[in-house]
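Shown next, in structure tokens, is the structure this report addresses.
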Amino acid sequence: MLTARGHLRKKVHVSGNEYFYIHIPSKLAHDSQFPFSEGDELIISVDVKSSRIIIEKANDGEGGQQSAKRRVQQKINA
């Protein structure tokens, strides 16, 4: 498992919309085992019970977005 410490940042657009960003350190993102690339569509789920964020590729060749959502839900319920 790759591990690094990051930060959650909030930005307010001039339109008034709020956006939250997760800072992923380059040390982690440049590791050869890091599974994401710039522009990847992601599914982000929050497991409120255990205070965890789960990030997966939306279309990873295993049935697409619906399949990824089911896998995330199964992990949360396990």
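As a summary of the residue check, A58 satisfies the conditions (1) surrounded by 11 or more Cβ atoms within 10 Å (Cβ to Cβ); (2) in contact with a helix residue (DSSP H, G or I) (Cβ under 9 Å, 6 or more places away or on another chain); (3) at pLDDT 90 or above; (4) of a type outside the set (K, R) except for the one numbered (3). Collect the residues in region 21-49 that are within 22 Å of K75 (Cβ to Cβ) and of a type in the set (F, W, Y), keeping them in residue-number order. Matches in region 21-49: F34, F36. Here region 1-23 is the region considered, the condition is being on the phi < 0 side of the Ramachandran plot and of a type in the set (G, A, S), and the residue that is surrounded by the fewest Cβ atoms within 10 Å (Cβ to Cβ) is S15.
Evaluation of G64 against the conditions (1) out of contact with any strand residue (DSSP E or B) (no Cβ under 6 Å at 6 or more places or on another chain); (2) surrounded by 12 or more Cβ atoms within 10 Å (Cβ to Cβ); (3) at pLDDT 90 or above shows that the sole unmet condition is (3).
The values are calculated or read from the model by the stated rules, or taken from the named source; none is laboratory data. Owing to the predicted nature of the structure, the values given are computational and were not obtained by experimental measurement. Glycine also receives a Cβ, built like all others from the backbone with ideal geometry; neighbour counts cover every protein chain displayed.
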